[in-house]
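Some notes on the structure that comes next.
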Amino acid sequence: MSATLIDGKAFAERTRERIARDVTRLKAEKGVVPGLAVVLVGDDPASRVYVASKERQAREAGFHSVTYRLSGDVAEAEVLKTIADLNADPAIHGILVQLPLPEGIDSWKVILAIDPDKDVDGFHPVNAGRLSIGLPGPVPCTPKGCMMLLEDTLGDISGKSALVIGRSTIVGKPMAMLLLAANATVTIAHSRTRNLAELGRQADILVAAVGKPHFVQGDWIKPGAVVLDVGINRLDPTEEYPKGRLVGDVDFEAARAVAGAITPVPGGIGPMTIACLLDNTLAACQARLETGSE
Ligand code: NDP
């Protein structure tokens with residue numbers, strides 16, 4: 001058996017097209033343009049590339065898109081002032097601070113400064129809380145993208161067993177919350193978990209968010225399972241960005257022979273992340289219209 005490839009690139013493109021249509025309609029009917037502000041501190045090469053893509057895709061979808069590029073030695077107070085200004089700016093519906101921040105700037109202090117209703121990354125503790133108790137709010141983009149692909153592949157996942165490998169605030173934990181909200185039976189694994197291979201073989205859905213190339217082996221996978229590979233690992237980190245082959249956390253060829261469906265790297269989960277960022281920004285704009293505060 002060879003698994004079906006889940007084409008995240010094509011799905012993300014369709015998602016962005018749908019968002020662009022909604023943005024055009026909002027402009028025509030309500031005279032409102034969703035606004036996304038990205039704050040980039042320092043000159044980390046990978047962050048620069050991500051931010052440029054976010055900016056381009058936001059513009060292409062018809063958003064008002066602004067990027068604040070602050071130098072790596074900026075004072076934390078200056079970053080907090082930028083956030084406060086964006087919180088107060090009615091043209092901005094979504095604020096994203098590109099992580100990681102340089103040393104000397106407390107990431108949590110910065111995230112906590114973002115208005116939770118503009119926190120389109122979904123990292124603010126208010127939004128983590130909303131997710132955990134089932135209230136609406138922005139959901140972290142990568143797990144949200146995983147869920148969209150999963151539901152497109154499987155339909156209803158109620159009662160399925162899911163294994164999430166990784167418990168980060170950005171991917172693993174919100175992923176587990178989303179699976180639980182969709183009525184899957186969820187196991188969260190991490191670096192202290194024992195018998196990972198055995199847990200994998202019991203899972204109808206396996207999500208790998210570890211950050212280790214080829215970590216998940218083919219014989220850890222239940223025949224027919226859906227495998228979502230979140231990992232982005234550069235095989236030769238000595239090569240200058242963006243050169244060097246990208247691989248996921250799953251031994252793709254081995255897994256493909258056993259799984260029912262699998263996301264490739266690149267072209268799987270990665271492209272969904274920015275599409276979900278745009279979706280969260282559009283939703284934040286719509287939510288503000290609904291509460292009448294626009
Ligand atoms: P983190 O480093 O924050 O978390 C990694 C997790 O993996 C931790 O919970 C860690 O456990 C767990 N882990 C490490 N070693 C093992 C092990 N031997 N067995 C089981 N679990 C283990 O990473 P992120 O969640 O931020 O990212 C994970 C991957 O996803 C990375 O490759 C990253 O680049 C990629 N990524 C991709 C995105 C996309 O857009 N596609 C977006 C975000 C991330 P413990 O908590 O015990 O240390």
Listing of strands (runs of 3 or more DSSP E) fully contained in region 127-227 that carry 1 or more residues being within 11 Å of the ligand (Cβ to nearest atom), more than 22 Å from Arg256 (Cβ to Cβ) and of a type in the set (A, V, I, L, M): 185-189
Selection within region 66-114 - part of a loop (DSSP other than H, G, I, E, B) and within 19 Å of the chain's Cα centre (by Cα): His93, Gln98, Leu99, Pro100, Leu101, Ile114
List pairs: first in region 189-215 and over 22 Å from Pro264 (Cβ atoms) and touching a residue at least 40 places away in the same chain (Cβ under 8 Å), second within 12 Å of the ligand (Cβ to nearest atom) and assigned to a strand (DSSP E or B), Cβ under 8 Å, 6+ apart or cross-chain? Gln202/Leu163
Among the numbered criteria (1) over 22 Å from Phe11 (Cα atoms); (2) aliphatic (A, V, I, L, M); (3) assigned by TED's automatic domain parsing to the domain that holds Ala259; (4) buried (at least 18 other Cβ atoms within 10 Å of the Cβ), which single criterion is violated by Ile170? (1)
Filter region 24-51 down to the residues that are free of Cβ contacts under 8 Å to residues at least 40 places away in the same chain and under 22 Å from the mean Cα position of the chain (by Cα) and list them by number. Asp43, Arg48
Scope region 265-294; condition buried (at least 21 other Cβ atoms within 10 Å of the Cβ) and outside any helix (DSSP H, G or I); matching residues: Val265, Gly268, Ile269
For region 100-126, which positions are within 16 Å of the ligand (Cβ to nearest atom) and β-branched (Val, Ile, Thr)? Ile111, Val120
If we ask which residues in region 77-92 are surrounded by 15 or more Cβ atoms within 10 Å (Cβ to Cβ), farther than 9 Å from Ala37 by Cβ and in contact with a Leu (Cβ under 9 Å, 6 or more places away or on another chain), their number turns out to be 1
Count, please, the residues in region 1-51 that happen to be out of contact with any helix residue (DSSP H, G or I) (no Cβ under 9 Å at 6 or more places or on another chain), of a type in the set (Ser, Thr, Tyr) and outside the structural domain of Ile83 (by TED's automatic domain parsing). 1
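Listed here are the residues, each with its yes/no results for (1) within 16 Å of the ligand (Cβ to nearest atom); (2) over 12 Å from His93 (Cβ atoms).
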{"site": "Ala254", "(1), (2)": "no, yes"}
{"site": "Ala257", "(1), (2)": "no, yes"}
{"site": "Pro264", "(1), (2)": "yes, yes"}
{"site": "Ile269", "(1), (2)": "yes, yes"}
{"site": "Ile274", "(1), (2)": "yes, yes"}
{"site": "Asn280", "(1), (2)": "yes, no"}
{"site": "Gln286", "(1), (2)": "no, no"}
Only one of (1) within 20 Å of the chain's Cα centre (by Cα); (2) within 22 Å of Asp117 (Cα to Cα); (3) buried (at least 16 other Cβ atoms within 10 Å of the Cβ) does not apply to Gly8, and that is (2)
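The values are calculated or read from the model by the stated rules, or taken from the named source; none is laboratory data. Remember, predicted model here, so these are calculated numbers, not experimental data. All Cβ positions, glycine included, derive from the backbone under ideal geometry; neighbour counts span all protein chains shown.
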